[in-house]
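Trainee: Structure incoming, see below.
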């Protein structure tokens, strides 16, 4: 059961979060995304616990709690939605304008 944990201090480690959440049950994973450019944590994490009961207890006990001077925001993680690819259209989707030329003489 995966949770989103937001508003964490940038100097927090995965061990800090594992210790905090283990009070509510067994923690099976802690993932802290890093900024691609700076290599620093992005200020949020995903914590996975072994059961829904443990996750719900952690959400109830820690959402809004002060953690190193910051109020944690915790909720059940939502599945990631498919994102559009952007960029160039596929070959069949190209909309090309036609012609013009009107008064040309050859």
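Trainee: For 10, 46, what ranking results if the residue with the fewest other Cβ atoms within 10 Å of its Cβ goes first? Walk me through the intermediate numbers first.
Mentor: Values: 10 11, 46 15.
The most exposed by this proxy come first: 10, 46.
Trainee: Testing the spin-label approximation: label points 7 Å from Cα along Cα→Cβ at residue 46 and residue 28. State their distance in nm.
Mentor: 1.3 nm
Trainee: Let me ask something else. Would you order 59, 8 from fewest to most other beta-carbon atoms within 10 Å of each residue's own beta-carbon?
Mentor: In order of increasing Cβ crowding within 10 Å: 59, 8.
Trainee: Continuing with this model, one more query. Take residue 11, project a point 7 Å from its Cα along the Cβ direction, then tell me which residues of segment 38-62 have their backbone nitrogen under 20 Å from it.
Mentor: In segment 38-62, the label zone of residue 11 (backbone N under 20 Å from the point 7 Å along Cα→Cβ) covers 38-45.
Trainee: What does the highest-first list of 69-76, 50-57 look like by mean Cβ count within 10 Å? Working shown, then result.
Mentor: Numbers: 69-76: 13.9, 50-57: 15.4.
Going from most to least packed, we get 50-57, 69-76.
Trainee: Further, regarding this structure: What distance in nm lies between label points placed 7 Å from Cα along the C-beta direction at residue 4 and residue 77?
Mentor: Spacing of the two 7 Å Cα→Cβ label points: 1.2 nm.
Values quoted throughout were computed directly from the atomic coordinates according to the rules given, and no laboratory measurement underlies them. Please read these numbers as outputs of a predicted model, since none were measured by experiment. As a convention, Cβ positions derive from the backbone with ideal geometry for all residues, glycine included, and neighbour counts pool all protein chains shown.
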